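The values are calculated or read from the model by the stated rules, or taken from the named source; none is laboratory data. Keep in mind that this is a model prediction, so the values were computed, not measured. When we count neighbours, we look across all protein chains shown, and the Cβ atoms used for this are built from the backbone with ideal geometry, even at glycine. SASA here: full protein model, heavy atoms, side chains in, ligands and nucleic acids out. Shrake-Rupley method; radii C 1.70, N 1.55, O 1.52, S 1.80 Å.
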Amino acid sequence: KQWYQRRVAITAGGYSLKQQCELFDNIKPLFANKPIIVALNKIDARKPEDLSQEEKNLLEETFKKNANVLVIPMSTLTQEGVSEVQNTACDALLAHRIEQKMAGNKVENILNRLHVAVPKASQEVRAPHIPQGVLARRVAGYVKPAEIRKLERDMELELGDDYILDLKKHYDLPNPDDKYDDIPEVWEGHNIADFVDPDIVTKLDELEKEEAMLEEAGVYESEDENLTEEQKDIREKAGLIRKEKAIIRHKHRLNKHSNRTPMSERVVRKKQGIKRARSISRMSQDESMEVDTKFQTKKVKPGRDVSGLRDAKMVKEVRKKMKKSQIKMNQFGKAGEADRHIAAKLPKHLFSGKRGAGKTDRR
C-alpha cells in the first residue's frame with residue numbers, strides 16, 4: 001500500500017482507547033515514510049470534545065510522537081466526515097506519489113526535453129485587402145439599398161470606439177429579460193468564477209520574492225556540492241562495489257550451464273549418435289546411408305513423402321501441389337482421393353412429409 005488509514009473508535013465498546021493507541025504505536029514502524037491518516041470513528045455516539053482529560057492527554061501524547069499523522073473525526077453511521085477522510089487520503093496519496101517521482105532521476109531526463117517556444121510578434125504592417133470592384137463602387141458613390149439590414153460591421157464603423165459586440169441581443173428566449181443573465185463558464189465540472197482571484201498579481205509578486213530569498217539562502221543547491229571528502233570517497237567505493245557485483249553476476253550467468261550434473265560417457269555417445277543419424281537423414285534424400293555408432297548400427301531410409309525426389313527444392317514443390325490438390329477434397333468432406341461416396345442431397349428423414357407453400361389442400 002502507498003498509504004495507511006487507521007480507524008480509532010472513541011466509544012467504550014470493544015477495545016479501550018488506551019489499547020487502540022498502544023496498537024497504533026506498535027504497528028506504526030511498519031508504515032515508515034508513508035502518509036498516515038487516523039480517523040476518530042463513532043463521533044455520533046461520543047464527540048472528541050466529550051472525552052475526559054486523561055483520554056485527551058493520551059491522544060495528544062500518541063500523535064505528538066508522530067508529527068506526520070493526520071487525525072480526522074468521522075462517523076460511518078451518519079456519514080459525517082467520511083467524504084473528508086476520503087478526499088484527504090486521495091490528496092495525501094497523490095502528493096506522496098508526486099514527491100517520490102520528483103525525487104527520482106527520471107524527472108531530470110524528462111525536464112531536459114521540455115521546451116516552451118514563444119513566437120515573436122511580426123513587425124510587418126499588412127494593410128487590409130479590398131477588391132478592385134469594391135473600390136470602384138466606393139469611388140462612384142454606390143449607396144446600399146434600404147432593404148439590406150444593418151450589419152455589425154456597419155455599427156462598428158458608425159460607433160467607432162464606443163462599439164461593443166453584443167451577441168446576446170439575438171437570443172430567442174421566452175422572456176427577453178433573461179438574455180443578459182450571467183452564464184457560468186464550466187470546465188471539467190467546475191465553475192471558473194470560483195477560481196478567479198483578484199489579488200493574483202500581488203500574490204505572484206510575493207511568491208517571486210520568496211523564491212528569490214530561497215535561492216539566495218541556498219535551499220535549491222544540489223546535495224553533491226555539500227558533500228565532504230569522506231562522503232565522496234564512500235560514494236566512489238560504493239560504485240566500485242556495485243560494478244564488481246555486476247561482473248560476478250555476469251560470470252555466474254555464463255557458467256550457469258556448466259554446473260549441471262555430468263552425464264556418463266555411454267549416455268553422451270548415445271545422444272550424439274541419435275543426433276548424427278537425424279542430420280544424415282535430412283541430408284540424404286535418394287539413398288540410404290549406414291550410421292555407424294558404438295551402440296546403434298542400422299540403415300536410415302528416406303521417408304515416403306521424399307522418396308524419389310531429387311533435392312529440397314523439388315520436395316517443396318511437391319508438397320505445395322499436394323496441399324493444393326487437397327483443397328477440393330476438403331470442400332466436399334472426402335476421406336481421400338479414393339473416396340467416391342455421394343452423400344444424399346435430400347435426406348428422407350428431413351424432407352419426407354413436409355408441405356411447402358401453397359400445398360395445404362392435399363398431403
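Values for this structure:
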read-out	value
Test: residue in the range 248-263 that is at pLDDT below 85, open to solvent by less than 100 Å² (accessible area, probe 1.4 Å) and at negative phi	yes
Positions within the range 60-95 being open to solvent by 90 Å² or more (accessible area, probe 1.4 Å), of a type in the set (A, V, I, L, M) and either more than 22 Å from Cys21 (Cβ to Cβ) or in contact (Cβ under 8 Å) with a residue 60 or more places away in the chain (or both), in sequence order	Leu77, Leu94
Candidate set: the range 303-350, residues that are among the hydrophobic types (A, V, I, L, M, F, W, C) and under 30 Å from Arg278 (Cβ atoms); chosen: the one farthest from the chain's Cα centre (by Cα)	Leu309
Residues of the range 188-213 that turn out to be assigned to a helix (DSSP H, G or I), at pLDDT below 85 and open to solvent by 100 Å² or more (accessible area, probe 1.4 Å), as a count	2
Boolean, Ile342 is at pLDDT 75 or above, part of a loop (DSSP other than H, G, I, E, B), of a type in the set (A, V, I, L, M, F, W, C) and surrounded by fewer than 10 Cβ atoms within 10 Å (Cβ to Cβ)	yes
Some residue of the range 96-108 being more than 30 Å from Glu22 (Cα to Cα), open to solvent by 100 Å² or more (accessible area, probe 1.4 Å) and of a type in the set (Lys, Arg)	yes
Residue satisfying condition, being out of contact with any strand residue (DSSP E or B) (no Cβ under 7 Å at 6 or more places or on another chain), open to solvent by 100 Å² or more (accessible area, probe 1.4 Å), modelled with pLDDT of 90 or more and among the acidic types (Asp, Glu), within set Asp182, Asp162	Asp162
Members of the range 214-225 that are at pLDDT 70 or above and open to solvent by 90 Å² or more (accessible area, probe 1.4 Å)	Glu215, Glu216, Tyr220, Glu221
Residue within the range 233-242 that is surrounded by 10 or more Cβ atoms within 10 Å (Cβ to Cβ) and part of a loop (DSSP other than H, G, I, E, B) present	no
Near pairs, Cβ below 9 angstrom, 6+ apart or cross-chain, from the range 193-216 (under 28 Å from Ile183 (Cα atoms)) to any residue that is in a helix (DSSP H, G or I)	Asp197/Lys203
Some residue of the range 42-59 being closer than 30 Å to Glu99 by Cα, open to solvent by 80 Å² or more (accessible area, probe 1.4 Å) and among the hydrophobic types (A, V, I, L, M, F, W, C)	no
Filtered residue count, the range 110-139, keeping only those that are in a loop (DSSP other than H, G, I, E, B) and more than 19 Å from Asp154 (Cβ to Cβ)	15
Selection status of Tyr171, surrounded by 10 or more Cβ atoms within 10 Å (Cβ to Cβ), aromatic (Phe, Trp, Tyr) and free of Cβ contacts under 8 Å to residues at least 12 places away in the same chain	yes
Among the residues listed as Val118, Val134, the single one being open to solvent by 100 Å² or more (accessible area, probe 1.4 Å), farther than 27 Å from Leu167 by Cα and at pLDDT 75 or above	Val118
Filter result (more than 20 Å from Val82 (Cα to Cα) and in contact with a Phe, Trp or Tyr (Cβ under 6 Å, 6 or more places away or on another chain)) within the range 29-71	Phe31, Lys34
